[in-house]
Amino acid sequence: MAIIDMSPGEVRQRMMEDLRRALKRPMEKRRWAMVIDLQKCVGCTACTTACVAENHLPPGVVYRPVIEKEIGRYPNVRKNFLPRPCMQCENPPCVKVCPASATWKRPDGIVEIDYEKCIGCRYCINACPYSARTFDKGYYYSDGTPYIPEYEKKPAFEYGKVWPRNNREDSPVGNARKCTYCVHRLDKGMLPACVTTCLGDATYFGDANDPESLVAELLGSPRVMRLKEGFGTKPATTYLV
């Protein structure tokens, strides 16, 4: 069934089936990809909020901003919205510049950061042409108030591990951070948080190596666009325009 004939529920169900099928194959046989339909994005930022909640992101750390651009001239003015997660590049410049070998690309295409190896030099932040990396300065949303609530001090669970914020030796504080396509969810058979909360049903996810997957179908569309393709990064995050 073509996606145009499917309801939002059927689309989610198909992505879940694609995900389960992909997880049965070895990691090196998979190639995770995200497709975002810009004609469907309504700029609600539900994906941004879901990402902050799922990854327990502190102030200054953002994995999935929605960039707004105003076009036209008054009174004929409207906005374009561009969700911008990590591109999970096939040829990631962030990996090449890391002096501590703290960032690398998994066989399935996801670029990870080892918080225990990262030295906070921020070379990778400067190298990323998509501004997809931010730096964790250890801030709390309640800084400047009489006390910091306990829920702000709770750990994150990225990469399938527990990362407390009150222990610099085993914490993302002082490190570069980025979107991972919610790899901790993927490995458990769940879609990324941004995909499941997209109110406009504009975000699709799956294994691009699977010709039967929804994303493989969408990647064959003439509407496909990749950001800054001239840099040669070969991003796995793709847009439909």
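Brief remarks on what is shown
- Considering residues of the range 71-83 that are out of contact with any Cys (no Cβ under 7 Å at 6 or more places or on another chain) and under 19 Å from Ile36 (Cα atoms) only, the residue surrounded by the most Cβ atoms within 10 Å (Cβ to Cβ): Leu82
Conditions tested, residue by residue: (1) of a type outside the set (Asp, Glu); (2) surrounded by 15 or more Cβ atoms within 10 Å (Cβ to Cβ); (3) in contact with a Leu (Cβ under 7 Å, 6 or more places away or on another chain); (4) free of Cβ contacts under 8 Å to residues at least 24 places away in the same chain.
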{"residue": "Lys24", "(1), (2), (3), (4)": "yes, no, no, yes"}
{"residue": "Cys47", "(1), (2), (3), (4)": "yes, yes, no, no"}
{"residue": "Val52", "(1), (2), (3), (4)": "yes, yes, no, yes"}
{"residue": "His56", "(1), (2), (3), (4)": "yes, yes, no, no"}
{"residue": "Val62", "(1), (2), (3), (4)": "yes, yes, no, no"}
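- Against the list (1) part of a helix (DSSP H, G or I); (2) under 25 Å from Glu150 (Cα atoms), the condition Met15 fails is (2).
- Yes/no for Asp187 being over 22 Å from Cys128 (Cβ atoms), acidic (Asp, Glu) and touching an Asp or Glu at 6+ places or on another chain (Cβ under 7 Å): no
- Here the range 18-40 is the region considered, the condition is being assigned to a helix (DSSP H, G or I) and under 19 Å from Asp201 (Cα atoms), and the residue that is nearest to the chain's Cα centre (by Cα) is Leu19.
- Scanning the range 228-241 for residues that are modelled with pLDDT of 95 or more, hydrophobic (A, V, I, L, M, F, W, C) and either closer than 25 Å to Leu23 by Cβ or in a loop (DSSP other than H, G, I, E, B) (or both) yields a total of 1.
- Criterion (more than 24 Å from Cys47 (Cα to Cα), under 20 Å from the mean Cα position of the chain (by Cα), among the aliphatic types (A, V, I, L, M) and modelled with pLDDT of 95 or more) met by exactly one of Ala127, Ala176: Ala127
- Taken over the range 191-223, the residue count meeting the criterion of being in contact with a helix residue (DSSP H, G or I) (Cβ under 8 Å, 6 or more places away or on another chain) and outside any helix (DSSP H, G or I) is 15.
- Selection status of Lys234, without any contact (Cβ under 8 Å) to a residue 24 or more places away in the chain and under 26 Å from Thr103 (Cα atoms): no
- Criterion violated by Lys137 - all others in (1) surrounded by 14 or more Cβ atoms within 10 Å (Cβ to Cβ); (2) touching a residue at least 60 places away in the same chain (Cβ under 8 Å) satisfied: (1)
- Identity of the residue in the range 153-168, part of a helix (DSSP H, G or I) and either out of contact with any Lys or Arg (no Cβ under 9 Å at 6 or more places or on another chain) or free of Cβ contacts under 8 Å to residues at least 24 places away in the same chain (or both), that ends up nearest to Lys188 (Cα to Cα): Tyr159
Rundown of residues vs (1) modelled with pLDDT of 95 or more; (2) in contact with a helix residue (DSSP H, G or I) (Cβ under 6 Å, 6 or more places away or on another chain); (3) more than 22 Å from Val183 (Cα to Cα); (4) acidic (Asp, Glu), yes/no style:
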{"site": "Lys79", "(1), (2), (3), (4)": "no, no, yes, no"}
{"site": "Pro93", "(1), (2), (3), (4)": "yes, yes, no, no"}
{"site": "Glu112", "(1), (2), (3), (4)": "yes, no, no, yes"}
{"site": "Tyr115", "(1), (2), (3), (4)": "no, no, no, no"}
{"site": "Cys121", "(1), (2), (3), (4)": "yes, no, yes, no"}
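- For the range 205-234, the set of residues classified as under 14 Å from Arg31 (Cα atoms) and either within 17 Å of the chain's Cα centre (by Cα) or of a type in the set (A, V, I, L, M, F, W, C) (or both) consists of Phe205, Gly206, Asp207, Ala208, Leu214, Val215, Ala216, Leu219, Lys234, listed by residue number.
The values are calculated or read from the model by the stated rules, or taken from the named source; none is laboratory data. Note that the structure is predicted; figures quoted are calculated from it, not measured. Note: ideal-geometry Cβ built from the backbone for every residue, glycine included; neighbour counts use all protein chains shown.
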